[in-house]
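**Q** Take a look at this one; I'll ask things after.
Coordinate-derived values only; no laboratory data. As the structure is a prediction and not an experimental result, all values here were calculated from the model. All Cβ positions, even for glycine, are placed from backbone atoms using ideal geometry, and neighbour counts span all protein chains on display.
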Amino acid sequence: MQTIENLEKELKNGDLQNLYLLYGEELFLLEMSLKKIKDLFGECIKGINFITIDDTNVNEIISDIETPAFGYEKKLIIARNTGLFKKEGKRKNAELVNIREKLVQYINENVDVIKQSVVIVFVEEEADTKQELYKTIEKLGNVCEFKFQKPIQIIKRLKAICNGYKVQIEENTIQYLIECSRDKYARIN
């Protein structure tokens, strides 16, 4: 598993991988990393080289991976809140378990094809680390959990932002700002 800082550094350096799982409660940082991935990918034309998947069409994920990006070298697939990584028993949702098992098998058998033609980003609220799909993505791609940031981490980020704008700010002012916004980066930003 990768840290938020390492993922941000990797994306800042322009290093785009082919398989990502981004999950957790810190939605602002997660969405910023997703935006950086999309920016690194380049032009996105929905249905041609950009596909979005959710829980309503998750059963089409393998066929979406296999379909070529017409006129483009690669295709970006963002699978958001699919339910594939939730901790559920086989009885509860047998269809989802079946899709998950087929996807694990497909990724393992076609990793070279995926590396050449697709960037897949799974964006989930939660992920069961004991699942085979989780382990497969961790082995072949990047997994990053976006945990709520501690006040020290938020202070460090805000200082970096202020320095970027050449604004001097005292640490107690930053702490007050954090308290007023209740740790929401979107409000602070």
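**Q** Find how much the distance from Thr3 to Ile161 grows on full extension, using 0.36 nm per residue of separation minus their present alpha carbon separation; answer in nm with one decimal.
**A** On the way: separation 158, 0.36 × 158 = 56.88 nm, distance 1.95 nm.
Between Thr3 and Ile161, full extension yields an extra 54.9 nm.
**Q** Could you tell me which of Leu133, Ala69, Ala94 has its Cα farthest along the dipole of region 4-146 towards the positive end, charges placed at Cβ (Lys, Arg +1; Asp, Glu -1), taken about the Cα centre?
**A** Of the listed residues, the answer is Ala94.
**Q** I want the local charge near Phe70. Using Cβ-Cβ distances under 15 Å, sum +1 for each Lys or Arg and -1 for each Asp or Glu among the other residues.
**A** Combined, the nearby Lys, Arg, Asp and Glu give -1.
**Q** Something else about it: Pairs to check: Lys12/Lys139; Lys86/Lys156; Lys115/Lys135. Give those whose C-alpha atoms are more than 27 Å from each other in this structure.
**A** Lys86/Lys156
**Q** With the cut-off at 1.5 for a/c, could you classify region 4-146 from its C-alpha gyration tensor as rounded, prolate or oblate?
**A** oblate
**Q** Once both labels are modelled 7 Å past Cα along the beta-carbon direction, what's the Lys150-Lys12 spacing in nm?
**A** 2.1
**Q** Distance between Cα centroids, region 35-80 to region 90-146: provide it in whole Å.
**A** 15
**Q** Taking the Cα centre of region 1-46 as origin, work out the dipole magnitude from +1 charges on Lys and Arg Cβ and -1 charges on Asp and Glu Cβ, in debye rounded to 20. Spell out each step's value before the answer.
**A** On the way: 6 positive and 9 negative charges, 38 e Å.
Using Cβ point charges on Lys, Arg, Asp and Glu, region 1-46 gives about 180 debye.
**Q** Under a point-charge model restricted to the Cβ atoms of Lys and Arg (+1) and Asp and Glu (-1), what is the dipole moment magnitude of the chain relative to its Cα centre, in debye to the nearest 20?
**A** So the magnitude is around 340 debye.
**Q** For Thr173 and Glu43 in one chain, what is 0.36 nm times their gap in residues minus the Cα-Cα distance, to one decimal in nm?
**A** Extra length available between Thr173 and Glu43 comes to 42.8 nm.
**Q** On a straight-distance basis, which aspartates and glutamates could pair with Lys147 in a cross-link, Cα separation under 16 angstrom, same-chain partners fewer than 8 positions away excluded?
**A** Within the straight-line limit of under 16 Å, Lys147 reaches these aspartates and glutamates: Glu5, Glu8, Glu25, Glu26, Glu31, Glu124, Glu125, Glu126, Asp128, Asp183.
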